[in-house]
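Asker: One structure is given below, represented as structure tokens, and several questions about it will come after.
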Amino acid sequence: MPLLWLRIATVFYGVGLLYSLLLLSRQGNILGKIVEPAVGLGLIFHFVSLVESTIQIGHLSWASIQYSESLLAFLAMVVFFIFFTAYRTVSPGVIIFPVVFVLTFASAIGQKPIALTSPFFRNGWIFVHVVLIFTGYAGLFLSFGASLLYLVEERALKSKRSNVLLGLLPPLQTIDEIGYRSLLFGFPFMTLGLVAGSVLAIEKYGPMFFYDPKILLSFMMWAVYMLLLYTRWSSGWRGRRAAFLATFAFVVALGAWAANYFSRTHRFIAS
Amino acid sequence: MNFIVIGVNHQTAPVEVREQFAIPEARLPDATKSLATYPGIEEGIIVSTCNRVELLARTVNGNADVRGFMHQFYGFDPAPYKRYLYEYRERDAVRHVFRVASSLDSMVVGEPQILGQVKEAYATARAVGAVSSHLDALMTRAFAVAKRVRSETAIATSAVSVASVAVDLAKKIFGNLQGKSVYLVGAGKMCELSARHLAAHGARQIYVANRTYERAVALARKFDGQAVPFEQLYDTVSNADIVISSTGAPHTLFNKEHGEKFLHRRKNRPMFFIDIAVPRDIDPEMNKLDGIFVYDIDDLQQVVASHIADRKTEADRAEAIVQLEVDKFQSRLQTLDVVPTIVSLQEHLETVRQAEIDRVRGRLGKMTPEQELAVEALTRGIINKIMHTPITTLKTAARESTEATTVIDLVRRLFGLRDASKGTAAPGVADDGKPGMRN
């Protein structure tokens, strides 16, 4: 059943994806009216799927790739909706929706999740670690989306030609605020998540855990994250420079994610 | 009619070219005066705004060398700019003047500023004695037409002025203008108008810098703003989110280096520069800096292109009104041409009649009152009978533009009528003996 709910959610997120693609191909705001309720429904089904699979397995099964992809997508959507309520704009969705769709899609086509038997994963700290980190990721994604939109809108304004996108996007300053605030929002989660993870890892592996590629990449991402915040705070970097940094952070985050496949300490499949 | 208009506007010429032809306010009276006194030209008006430079003249015989005047005045040959210049004569010139005054030729169709600008140009021309009869009639009519277009079509009600386009753009950048600050460089009308719009949308702090400090103070007072001495311009301008510049400076005031400094001081918070000056105050290179947006008067035009399409039907109605008015004006002007001829013809014949009666009276001796009346009636009757056809012909000819001058000229020659304007050309003399009598 959870897989079914997840697949339904994926279909709804598909509307979001379609919306983004149409908007980016300059076909205009065709799905503008239905995209918000559609992804909202997607979020509800997604939630149901997560709750059900948790109950079914009997515990929080963080460690399956499918499950964590699903959770990350869910948190990204939650953060998106928080900012949507504040700013009444779907625009960051242009970037967020495709990412969420890909994550849930990958999760939904997956085979039956491999349940992890290791008692280690039942630890409550793991729960805290994963949720914190993923919320941090979600903030970063949203900020990345916003900075790309900022670039697009800035370019449109500077080109001085009338542009379909220009009519649809919220004011530049709103996008800027969304980007900055989602960054601010995500940072404490990311930091605490890393701290929680480190505590866990030291407990289990000792100080040597740090040489793991995934851990290294994660800390690197955190450093870039902090750099983003710092440059913004100290000299108000935004626009092109901020977008480059955010893209870099996003790529590192992807790397950190992918590192699951070659990480020793952080392998999902129990060894 | 002998009207001629030569000019450049936002449609025919980019701002780089218009800059070449723009005439600063201070030089306008002299320029107008020298246009009106240029050989072959009777009257002249010059309209010079950021969007257009129009040289309007009435020539002696329809063929004055206005380009020659331009060459002399600007100090360069206008020939290389030929493709940017338009030229209208006679009816077309009248139509053009009506369209300009009615804001149909404006960058933002229906915007109200242009009428005021044309009125100012007219006042300048009057002050230096560059307009008298016909151009005066034309301008008065143009203002009436503008009023009619304004009241009979919706063109002005939905007008988007340059100022409100600037507001829209500012909103696109800053979102809410609540609490944003505006810096006016130059204390001109357009600056004031734009500032008024921005203030109406919530912009709070308003700074004004002007070369003449008193004018800055006067304008700042209107907005409860703050006047800044011009020397402090570069130190203070970065305090503002929106900068509107419209000075008469011949060179740019702000360049890319200034922009970099401003951004540094503002911690890269965006700035929006609106350059409504021609020649431009702001180096367009500044637009390349991250976080600085520079729109000059031509860019604003691109933004409003869509608005113009929306008002197409209203504009069409307005054009119809203009067309009607052109016809009316033409026939009025031509009747104006023929009236003095008829009057002087009648006067001439009356003199002849009186002279003849006096002469006959000497030979006939004293006449009874009845005889006096009979002679009076007889002579008057003969003259009226003879004159009936020529006068009707004159009036008809006046309405058919092609032969009016020929007929008037012929009548004057046949009866040996004196050209009233010659010798008695003092200003203020009744409108007789104006064109049509010249050749």
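Readers should treat all values here as calculations from the given coordinates under stated rules, not as data from a laboratory. Here the structure is a predicted model, which is why all the values come from computation and not from measurement. Counting neighbours? That spans all protein chains shown, and the Cβs are built from the backbone with ideal geometry, glycine included.
Asker: In Å and from the alpha-carbon atoms only, list the Rg and Dmax of the range B:162-307.
Answerer: According to the Cα coordinates of the range B:162-307, Rg and Dmax are 13.7, 40 Å.
Asker: Still on this structure: Grab the Cα-Cα distance for B:HIS388 and B:THR212, subtract it from 0.36 nm times how many residues apart they are, and report the gain in nm with one decimal.
Answerer: Separation in residues times 0.36 nm, less the Cα-Cα distance, equals 56.8 nm.
Asker: Work out the FRET efficiency for B:GLU90 and B:GLU257 from their Cβ-Cβ distance, taking R0 = 60 Å, and round it to the nearest 0.05.
Answerer: Calculated transfer efficiency: 0.70.
Asker: Over chain B, consider all pairs of different Cα atoms and compute the Kirkwood hydrodynamic radius from their mean reciprocal separation; express it in Å, one decimal.
Answerer: Over chain B, the inverse of the mean reciprocal pair distance is 25.1 Å.
Asker: In addition: Separation between the B:ASP168 and B:MET367 pseudo-spin-labels, each 7 Å from Cα along Cα→Cβ, expressed in nm?
Answerer: Between B:ASP168 and B:MET367, the simple spin-label model gives 7.9 nm.
Asker: Can you give me the relative contact order of the range B:327-415 as a percent, contacts being Cα pairs under 8 Å and 6 or more apart?
Answerer: Taking the mean separation of contacting Cα pairs over the length of the range B:327-415, I get 51 percent.
Asker: So, R0 is 35 Å and r is the distance between the beta-carbons of B:ALA374 and B:SER331; what FRET efficiency does that work out to, to 0.05?
Answerer: The calculated FRET efficiency here is 0.30.
Asker: Let me ask something additional. Enumerate the whole-percent occupancy of each 10 Å bin, from 0 to the last occupied one, for all C-alpha pair distances of the range B:327-415.
Answerer: Going out from 0 Å in 10 Å bins, the range B:327-415 shows 15, 38, 23, 16, 7, 1 percent.
Asker: Of the listed peptides B:275-285, B:209-219, what is their order by residue-averaged count of other C-beta atoms within 10 Å, with the highest listed first?
Answerer: By packing density, highest mean first, the sequence is B:275-285, B:209-219.
Asker: While we're here: Sum -39500 (n - 2.57) across every DSSP H segment of at least 4 residues in chain B, then divide by the residue count to get the 222 nm mean residue ellipticity, nearest 500.
Answerer: -17500 deg cm²/dmol
Asker: Quick one: of B:LYS267/B:LYS288; A:LYS158/B:LYS312; B:LYS189/B:LYS328; A:LYS33/B:LYS171; B:LYS180/B:LYS267; B:LYS33/B:LYS395, which pairs are farther than 26 Å apart, Cα to Cα?
Answerer: Beyond 26 Å: A:LYS158/B:LYS312; B:LYS189/B:LYS328; B:LYS33/B:LYS395.
Asker: Still on this model: Once the Cβ-Cβ distance between B:VAL343 and B:ARG27 is put in as r, and R0 is 45 Å, what FRET efficiency do you end up with, to the nearest 0.05?
Answerer: Calculated transfer efficiency: 0.65.
Asker: If you don't mind, another one. Between A:VAL78 and B:ARG196, what is the label-point separation in nm under the 7 Å Cα-to-beta-carbon projection?
Answerer: 5.4 nm
Asker: How big is the range B:3-159 along each principal axis, measuring the range of its Cα positions in Å and listing the largest first?
Answerer: Dimensions of the range B:3-159 along the principal axes of its Cα atoms: 42, 35, 29 Å.
Asker: What Kirkwood hydrodynamic radius, in Å, does the protein assembly as shown give when the mean of 1/r is taken over all pairs of distinct Cα atoms and then inverted?
Answerer: One over the average 1/r among Cα pairs gives 31.6 Å for the protein assembly as shown.
Asker: Using the Karplus curve 6.51 cos²θ - 1.76 cosθ + 1.60 with θ = phi - 60°, what ³J(HN,Hα) values do you get for each residue of the range B:130-137, in whole Hz, with x for Gly and Pro?
Answerer: For the range B:130-137, the Karplus curve yields 8, 10, 10, 7, 6, 5, 4, 4 Hz.
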